[in-house]
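The values are calculated or read from the model by the stated rules, or taken from the named source; none is laboratory data. Since this is a predicted model, take the numbers as computed values, not measurements. Ideal geometry is used to build each Cβ from the backbone, glycine not excepted, and the neighbour counts take in all protein chains shown.
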Amino acid sequence: MDYMQKIQYAANSFYNRGLELARERDLSGAAECLKRALQFNKYHTDARNLLGLIFYEMGETSDALVQWVISVHLQPEGNRADRYLDKVQRKPGQLEHASNLIRKYNQALVHAQNGSDDLAVLQLKRIVEEKPNFVKAHLLLALLYIGHEDYTKAGKSLYKVLQIDKNNRRAERYMEYVKSKTGKADVEKRKLKNAFNHREMEDNDVILPPTYKENTGWQSIINIGIGLALGVIVVLFMILPARDRSLNYQHNQEMRIYADKLNLANQEADKLRKAAEQLEAEKGKAEANLENLIGDSDSTLIQYQTLVEILQAYRSENFETAVKQYMELDTTKITNENMLNILSEIEADMAANAPAVLEKLAIQSTESGDADQALRYYEEYMKFDDRNPQIIFNMAMIYKKKGEEETSDQLFGQVIMNFDDEELAAKAKEERGY
């Protein structure tokens with residue numbers, strides 16, 4: 001088996017394990033395996049498509065779209081991701097609804113960061129009602145409930161998470177803490193202990209018959225006297241010392257029980273302190289993530305969708321639509337490494353071919369009387385090429401017709417001073433009034 005075969009075998013192994021875990025509803029575990037599969041083979045479209053489905057199932061629509069777009073780019077023909085993307089796009093308003101949910105989730109994070117936990121809880125409750133499988137919203141809601149010591153509601157939210165992703169590590173940690181506060185952890189331990197307890201045989205279970213011998217007369221009197229004497233001796237030398245030892249032993253046992261309880265209390269206090277530190281650390285991470293997401297996630301999903309529409313326009317050979325969509329794209333919102341590789345290819349093609357299309361669209365808008373749209377096309381043209389005197393002259397003419405003479409004179413001046421086209425320069429001088 002050569003090196004490439006070993007890599008492919010490893011990728012397939014991780015994919016098969018991820019598929020098995022996904023069928024068992026261990027979504028987070030499946031996602032980890034699928035990511036490992038893609039580390040070995042980024043062209044493994046089955047693993048990438050399944051990873052997108054898992055993200056979608058957990059309410060992460062934007063991450064799902066990223067995986068499916070990359071999958072379609074790597075395998076344009078016969079790819080299931082095509083159907084997934086079409087299904088998402090066909091549902092009216094689904095992308096807008098997903099974007100709104102993300103915006104509401106970020107608002108809840110803002111409320112939580114600013115100490116407005118009640119507003120955050122209300123916002124998150126609306127989110128999980130609209131999208132019951134939004135795992136992050138359930139986890140944040142549970143964390144807020146824990147902060148307010150409302151462990152019953154926290155447990156309900158965590159139970160829903162574990163129904164969606166049965167081995168979610170964060171939910172399991174939160175649930176363990178909640179159970180420790182509600183006493184359910186001790187109940188479960190007792191049930192487990194009682195399941196393995198069995199009654200042992202005691203000495204009283206076997207009854208031995210007493211032996212006896214009949215005595216009469218003086219022998220009986222003598223035996224009674226001897227018995228009384230022996231009784232006194234037993235009381236003085238055996239029963240009383242034994243009783244003292246028993247009392248001392250009971251006292252020592254009680255002291256040991258109290259010491260054990262004190263140790264358990266100290267251990268419980270240490271656990272609670274560590275749990276509090278962990279919750280504080282997770283809160284800090286959430287706040288750090290919030291700083292990166294505020295003002296961004298509101299539009300990130302739309303930008304990825306715009307990139308999908310550009311790719312679809314390319315596939316249908318409708319370059320004019322691709323150019324129009326590219327005008328709406330905010331490339332700073334695209335951060336995924338694989339998507340950035342796709343974006344660089346699109347940018348290179350746009351730099352070579354978009355200017356001609358933009359000039360055509362601008363002329364059409366001018367002829368139809370839509371001066372503002374024409375200027376917008378010309379401005380997009382200038383981003384690619386700002387050294388075309390005809391474009392600058394056309395923009396100056398539009399501004400002049402709009403009555404913005406200061407701007408038009410400035411543009412006419414650029415044509416006159418910076419370019420050698422004598423005929424165009426003469427027209428610019430004439431328009432400017434020289």
Inset, instruction - Identify the single condition in (1) part of a helix (DSSP H, G or I); (2) more than 17 Å from the chain's Cα centre (by Cα); (3) not aromatic (F, W, Y) that L50 does not satisfy, given that it satisfies every other one. - result: (2)
Inset, instruction - Name the single residue, out of those in region 52-68 being modelled with pLDDT under 90 and of a type in the set (V, I, T), that is farthest from L343 (Cα to Cα). - result: T61
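Scan region 392-434 residue by residue and report those that are among the acidic types (D, E) and assigned to a loop (DSSP other than H, G, I, E, B).
If the condition is that a residue be among the acidic types (D, E) and assigned to a loop (DSSP other than H, G, I, E, B), then E404, D420, D421 are the ones that fit.
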Inset, instruction - Would you be able to say whether some residue in region 54-61 is assigned by TED's automatic domain parsing to the domain that holds Q8, in contact with a Leu (Cβ under 9 Å, 6 or more places away or on another chain), hydroxyl-bearing (S, T, Y) and within 30 Å of L122 (Cα to Cα)? - result: yes
Legend entry - Tabulated pairs, region 102-116, first closer than 15 Å to R126 by Cβ, second of a type in the set (D, E) and not in a helix (DSSP H, G or I), C-beta under 9 angstrom, 6+ apart or interchain: N106/D296
Inset, instruction - Would you check which residues across region 1-29 are outside any helix (DSSP H, G or I) and surrounded by 18 or more Cβ atoms within 10 Å (Cβ to Cβ) and list them? - result: D26
Legend entry - Filtered residues of region 61-89 (kept if over 24 Å from E345 (Cβ atoms) and surrounded by 21 or more Cβ atoms within 10 Å (Cβ to Cβ)): T61
Legend entry - Failed item, numbered, when Y304 is tested on (1) at pLDDT 90 or above; (2) aromatic (F, W, Y); (3) within 24 Å of G59 (Cα to Cα): (1)
Inset, instruction - For R48, state whether it is in contact (Cβ under 8 Å) with a residue 24 or more places away in the chain, buried (at least 18 other Cβ atoms within 10 Å of the Cβ), at negative phi and not assigned by TED's automatic domain parsing to the domain that holds M175. - result: yes
Legend entry - Residue tally, condition touching a residue at least 24 places away in the same chain (Cβ under 8 Å) and either assigned to a helix (DSSP H, G or I) or not polar (S, T, N, Q) (or both), over region 332-348: 7
Legend entry - Selection from region 90-137 of residues that are at pLDDT below 85, of a type in the set (S, T, N, Q) and buried (at least 18 other Cβ atoms within 10 Å of the Cβ): S99
Legend entry - Pairs with Cβ under 9 Å, 6+ apart, first in region 151-172 and in a loop (DSSP other than H, G, I, E, B), second among the acidic types (D, E): D165/D26; D165/E57; K166/E24; K166/D26; N167/E24; N167/D26; N168/D26
Legend entry - Residue list for region 349-390, filter: part of a loop (DSSP other than H, G, I, E, B) and surrounded by 15 or more Cβ atoms within 10 Å (Cβ to Cβ): N388
Legend entry - Where a residue in region 20-43 is closer than 9 Å to N167 by Cβ and assigned by TED's automatic domain parsing to the domain that holds I54 and its partner, wherever it lies, is of a type in the set (D, E, K, R) and in a helix (DSSP H, G or I), with Cβ under 8 Å and at least six apart: L27/E57; S28/R169
Legend entry - Failed criterion for D86 (all others in (1) among the charged types (D, E, K, R); (2) part of a helix (DSSP H, G or I); (3) modelled with pLDDT of 85 or more hold): (3)
Inset, instruction - For region 409-434, name all the residues that are modelled with pLDDT of 85 or more and among the acidic types (D, E). - result: D409, E423, E430, E431
